[in-house]
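Novice: Pasting a structure here, questions to come.
We did not get these values from a lab; they are worked out from the coordinates using the rules stated. Everything numeric in this text was worked out from a predicted model, so none of it was measured. Virtual Cβ from ideal backbone geometry, glycine too; neighbours counted across all protein chains shown.
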Protein chains: 2
Amino acid sequence: MSKKNTFRLIKTCGKARAGELTTLHGVVQTPVLCPVGTQGSVKTLTPQEVKDLGMKMILANTYHLYLRPGIPIIEKLGGLHKFMNWDGVILTDSGGYQLFSLSKLTQVSDEGVIFRSHIDGSRHTVTPELAVQYQESLGSDIAMVLDECIAHDESRERVWSAMVRTHQWAERCLKAHKKREQSLYAIVQGGIFPDLRRQSAESLTTLGFDGYAIGGLSIGEPKSVTLDITEQTTVLLPSDKPRYLMGVGSPEDVVEGVARGIDIFDCALPTRVARNGALYTRKGRVDIENALFSRQEASIDTDCHCYTCRNFSAAYLHHLFRCKELLAYRLATIHNLAFMSNLVQSIKNAILNGTFDEFCREFLSVYKTTDEQTRISQKQKWLESARQKES
Amino acid sequence: MSKKNTFRLIKTCGKARAGELTTLHGVVQTPVLCPVGTQGSVKTLTPQEVKDLGMKMILANTYHLYLRPGIPIIEKLGGLHKFMNWDGVILTDSGGYQLFSLSKLTQVSDEGVIFRSHIDGSRHTVTPELAVQYQESLGSDIAMVLDECIAHDESRERVWSAMVRTHQWAERCLKAHKKREQSLYAIVQGGIFPDLRRQSAESLTTLGFDGYAIGGLSIGEPKSVTLDITEQTTVLLPSDKPRYLMGVGSPEDVVEGVARGIDIFDCALPTRVARNGALYTRKGRVDIENALFSRQEASIDTDCHCYTCRNFSAAYLHHLFRCKELLAYRLATIHNLAFMSNLVQSIKNAILNGTFDEFCREFLSVYKTTDEQTRISQKQKWLESARQKES
């Protein structure tokens, strides 16, 4: 009989936690940031490169893989690990977020969701049971329950009803879930309302899941709200289970999230902004297309030892971006993931050394965050452009 | 005083030649196919990957690098080898072909060419002396003279006058060329007229260059003409100098070119068709987007030991192409360059073993070539789409 994944809390420092997740596909140190391999590929990189960057766990999107190439094909070819040749840990989302953000919803009822593909308009149905079945077929190490996602500015009543439905669906997912070697995580909803978040956390922890995610954040609400809700929610979650803040993963957000008790992050941001020429440094993001870099012989970040910084000048990277050379996107992705990998490693060390508070203060005082409004409008722009590209 | 590059003919088999080119940046076995790194990058690949594929020599385009990032920047950063972090051999063209195929020509006179950039419409002048100077600044191992390129269907008179000008320019390039460690190759022109080709070869060999290229072929004329002109021209060239067939490089064309005495090829085709999903196998090109491959667990070519075929099923590659994942273009590029690398190695071995004729016959009987008309219309389509993309 196959072994269940385990989570071990190693040390805390304030609310920050250092832990270890043991799975069939390896041991993952937490806090951890999962690069996003939406369609079974961390964009531009080979699985070996992702591993060489120190990444042990990636996120893949069930919604996308369901539509292309289709779950049966991946299952026939031996599951997602084998299909994409990744022998590390895979976390799959249930598709909940994509259903509500990418597809055209036709009908949402207690039974499930009827939607139209954002690719070809074809009609599909997903239920909590199917969402579990798809993830079992993919063979991910961690699966997520199906949740009902709504916009950040919906009414309290609407947030409440989506939350109640999410709880019912979570219970059905738990019942449908058979695969012992796959963990199933619940998703706490409740929008920006602390009492609903409390109600959601209590209902879900009573059911008993392998881990708990916080959903419906970082989708347009002010950052202070994201952080407050995160902080208020983590204290309601059992300390012996991993906590996952979904869709969050800028450098500053990871630091802030860890400070509020989060163990797992996933975010397309580091790889997506890389492809837009935004590169992380300890002082903040720089735009490689800026003329400043056109003659810079040094690498983009002289403190960085990634493949890109070891081998190429900022001027070369600038040139590749200006020419839209495909190598540009890859070198930038390597750099940003190396930055995130180092950041998470430093966070872990600081927690283990009991110096996380100082680390946090220092990092946030030096790292110049991108203006909040810019971030949101960029997010919207990306979403629109992603939609247009797909349609 | 720095050493001059040398060429040594090792063995012939019929007209086919096995040789060795020794340069400051390493020894290159010939026949050789140079992958194209137009803008200082073999598209999608790192220099290390290009080297791991067995490639020792690449082509870079002076025209593109002159426009972006500009020759002075590359010179300031230590030359093209350092700029792109490639320590193998670099062959640069003079820009002649791009001036006539990509830019907007404003004026062509005996003095030189006034043209407008295909990127921003800016006005520039290039002369034979400047073309040499630019290539000296780039620091390539092999430089090409500036030539006047014209369409394949021009009148004999027009072909003749462009040829005469090309000879005058070649002489001026030779005079302007100072860099001893850089070879300078002439370009035989003369269109599809055997007597003009003869005249061109005789004029240029009298001047005495380090190597000789055949230009103005494979630009729309029937394939039999390309091969005939190649065959008629190589016999007029000195046997102790390398012979370079410019812009040619499909698998079948390389085999046919070697059979007619060519040592060096460059071609964007293997990498460009890769990005369009056309993958080489011993039996011919296959279209990876074909539904045939959607469930194929085996790699695209079970005889191939490249990184792509060792690690990924045809179904995965098919999926990546259908989703337009950036990794697709890279994995396909690796496969096609590995194919070309192996092909050239097999050709070399066959020449050394005295079995090139059999190799040639067998290869061409098994390898299903793409229909001539399709190839030409594709070439035109690519050119148009390249122009539109750049403009």
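Novice: Taking neighbour Cβ counts within 10 Å as the exposure measure, how do B:Val344, A:Val286 sort from fewest upward? Could you put the intermediate results ahead of the total?
Specialist: On the way: B:Val344 22, A:Val286 18.
Sorted ascending by nearby Cβ count, the order is A:Val286, B:Val344.
Novice: Radius of gyration and Dmax for segment A:212-301's Cα atoms, expressed in Å?
Specialist: That works out to 16.1, 53 Å for Rg and Dmax.
Novice: Then there is this: What shape does the protein assembly as shown take by its C-alpha gyration tensor, where a ≥ b ≥ c are the square roots of the eigenvalues and a/c under 1.5 counts as rounded, a/b above b/c as prolate, and the rest as oblate? The partial results should precede the final answer.
Specialist: Working: a/c = 2.50, a/b = 2.05, b/c = 1.22.
Prolate.
Novice: Sorted from shortest, what are the nm distances separating the label point of B:Val108 from equivalent points in the other copies, each placed 7 Å from Cα along Cα to C-beta?
Specialist: So the label point of B:Val108 gives 6.4 nm to the other copies.
Novice: Same structure again: Which length gain, in nm to one decimal place, applies between A:Asp52 and A:Asp228 when the Cα-Cα distance is subtracted from 0.36 nm times their residue separation?
Specialist: Working: separation 176, 0.36 × 176 = 63.36 nm, distance 3.49 nm.
This chain segment gains 59.9 nm when fully extended.
Novice: Below 8 Å, C-alpha to C-alpha, sequence gap of six or more: please give me the relative contact order for chain B in percent. The partial results should precede the final answer.
Specialist: Values: 740 pairs, mean separation 66.7, N = 391.
With pairs under 8 Å counted, the relative contact order is 17 percent.
Novice: Report, as an integer, the average count of C-beta atoms from other chains found within 10 Å of each Cβ along B:319-325.
Specialist: 6
Novice: With 10 angstrom as the radius, rank A:Lys348, B:Lys56 by how many other C-beta atoms surround their C-beta, starting from the fewest. Can you show the working numbers first?
Specialist: Values: A:Lys348 22, B:Lys56 18.
Final ranking by Cβ density, sparse to dense: B:Lys56, A:Lys348.
Novice: Moving on to the next point. Per-residue HN-Hα couplings for segment B:290-304, Karplus 6.51 cos²θ - 1.76 cosθ + 1.60 at θ = phi - 60°, whole Hz, x for Gly and Pro?
Specialist: 4, 4, 3, 8, 4, 10, 6, 6, 5, 5, 4, 8, 5, 7, 9
Novice: Considering Cα pairs under 8 angstrom that are at least six residues apart, work out the relative contact order of segment A:128-213 and quote it in whole percent.
Specialist: This gives 33 percent for segment A:128-213.
Novice: Next question. Hey, which lysines would be in cross-link range of A:Lys348, C-alpha to C-alpha under 22 Å, not counting anything within fewer than 8 residues on its own chain?
Specialist: The reachable lysines, counting only those whose Cα sits under 22 Å from A:Lys348, are A:Lys11, A:Lys15, A:Lys51, A:Lys56, A:Lys241, A:Lys283, A:Lys368.
Novice: Something else now. Express in whole angstrom the spacing between the alpha-carbon centres of segment A:306-360 and segment B:319-349.
Specialist: That distance is 28 Å.
Novice: Just tell me how shielded B:311-318 is by partners: mean number of partner chain Cβ atoms within 10 Å of each residue's Cβ, no decimals. Could the numbers behind the result be given before it?
Specialist: Working: counts 5, 5, 6, 0, 6, 10, 0, 2.
Partner Cβ neighbours, averaged per residue: 4.
Novice: Roughly how compact is segment B:274-371, stated as its Cα Rg over 2.2 N^0.38 Å to two decimals? Walk me through the intermediate numbers first.
Specialist: Working: Rg = 14.4 Å, N = 98, 2.2 N^0.38 = 12.6 Å.
Relative to the 2.2 N^0.38 Å estimate, segment B:274-371 comes out at 1.15.
Novice: Quick one: what are the phi-derived ³J(HN,Hα) couplings along segment B:48-59, Karplus 6.51/-1.76/1.60 with θ = phi - 60°, whole Hz, x for glycine and proline?
Specialist: Here the 3J(HN,Hα) series is 5, 5, 4, 5, 4, 7, x, 7, 10, 9, 10, 9 Hz.
Novice: I want the antiparallel fraction of DSSP beta bridges within the protein assembly as shown, as a percent rounded to 5. Display every interim value, and only then the final one.
Specialist: Numbers: 48 of 96 bridges.
Taking every DSSP beta bridge within the protein assembly as shown, about 50 percent pair in antiparallel fashion.
Novice: Only bridges with both residues in chain A count here: give the DSSP antiparallel percent, nearest 5.
Specialist: Numbers: 24 of 48 bridges.
If I count the DSSP bridges inside chain A, around 50 percent turn out antiparallel.
Novice: I've got another one for you. Taking the Cα centre of segment A:155-274 as origin, work out the dipole magnitude from +1 charges on Lys and Arg Cβ and -1 charges on Asp and Glu Cβ, in debye rounded to 20. Present the calculation step by step, with values, prior to reporting the outcome.
Specialist: Numbers: 15 positive and 15 negative charges, 111 e Å.
That gives segment A:155-274 a dipole magnitude of about 540 debye.
Novice: Run through segment A:233-305 and list the trypsin sites (Lys or Arg not before Pro) located in a DSSP loop whose Cβ has at most 11 other Cβ atoms within 10 Å. Please report the intermediate quantities before stating the final value.
Specialist: On the way: sites: A:Arg243, A:Arg260, A:Arg272, A:Arg275, A:Arg282, A:Lys283, A:Arg285, A:Arg295; in loops: A:Arg260, A:Arg282, A:Lys283, A:Arg295.
Passing sites in segment A:233-305 are A:Lys283.
Novice: On to the next question. Around A:Thr281, which amide H atoms from residues at least 5 apart in sequence, or from another chain, sit under 5 Å from its own amide H, with H modelled in the peptide plane?
Specialist: A:Val286
Novice: Same structure, new question: Tell me what chain B gives for mean residue ellipticity at 222 nm when only DSSP H runs of n ≥ 4 count, each as -39,500 (n - 2.57), the sum divided by the residue total, rounded to 500 deg cm²/dmol.
Specialist: Values: 16 runs with 174 residues, N = 391.
Counting only the DSSP helices, I get -13500 deg cm²/dmol.
Novice: From Cα coordinates alone, what are the radius of gyration and Dmax values for chain A in angstrom?
Specialist: 20.2, 60
Novice: Calculate the length of the line joining the C-alpha centroid of segment A:104-143 to that of segment B:76-106, in whole Å.
Specialist: Between the Cα centres of segment A:104-143 and segment B:76-106 lies a distance of 51 Å.
Novice: Further, regarding this structure: Could you pull out every Cys in chain B that lacks a partner Cys with its beta carbon under 4.7 Å away?
Specialist: Those would be B:Cys13, B:Cys34, B:Cys149, B:Cys173, B:Cys267, B:Cys306, B:Cys323, B:Cys360, since no other cysteine Cβ in chain B comes under 4.7 Å of theirs.
Novice: What number, in percent, do you get for the relative contact order of segment B:274-371 if the mean sequence gap of Cα pairs under 8 Å and at least 6 apart is divided by its residue count?
Specialist: Across segment B:274-371, relative contact order equals 33 percent.
Novice: Quick check for me: using +1 on Lys/Arg Cβ and -1 on Asp/Glu Cβ, what's the dipole size of the protein assembly as shown about its Cα centre, in debye to the nearest 20? Write out the running numbers ahead of the final one.
Specialist: Details: 94 positive and 88 negative charges, 78 e Å.
Dipole magnitude for the protein assembly as shown comes out near 380 debye.
Novice: Give me the one-decimal nm value for the distance between modelled label points at B:Asn353 and A:Thr302, 7 Å along each residue's Cα-to-Cβ direction.
Specialist: Taking the two extended label points, one gets 5.5 nm.
Novice: Under 20 Å Cα to Cα from B:Lys76, which lysines show up? Leave out anything in the same chain fewer than 8 places away.
Specialist: List returned: B:Lys178, B:Lys179.
Novice: Could you please state, rounded to a whole Å, how far the C-alpha centre of segment B:1-75 is from the C-alpha centre of segment B:160-210?
Specialist: 21
Novice: Continuing with this model, one more query. In segment A:6-268, if the dipole is taken from +1 on Lys/Arg beta carbons and -1 on Asp/Glu beta carbons about the Cα centre, which of A:Ala18, A:Gly121, A:Leu80 is farthest to the positive end?
Specialist: A:Leu80
Novice: Let me ask something else. Which of the listed residues, A:Thr62, A:Ala162, B:Leu236, is farthest toward the dipole's positive end in the protein assembly as shown, when Lys, Arg count +1 and Asp, Glu count -1 at the beta-carbon?
Specialist: B:Leu236
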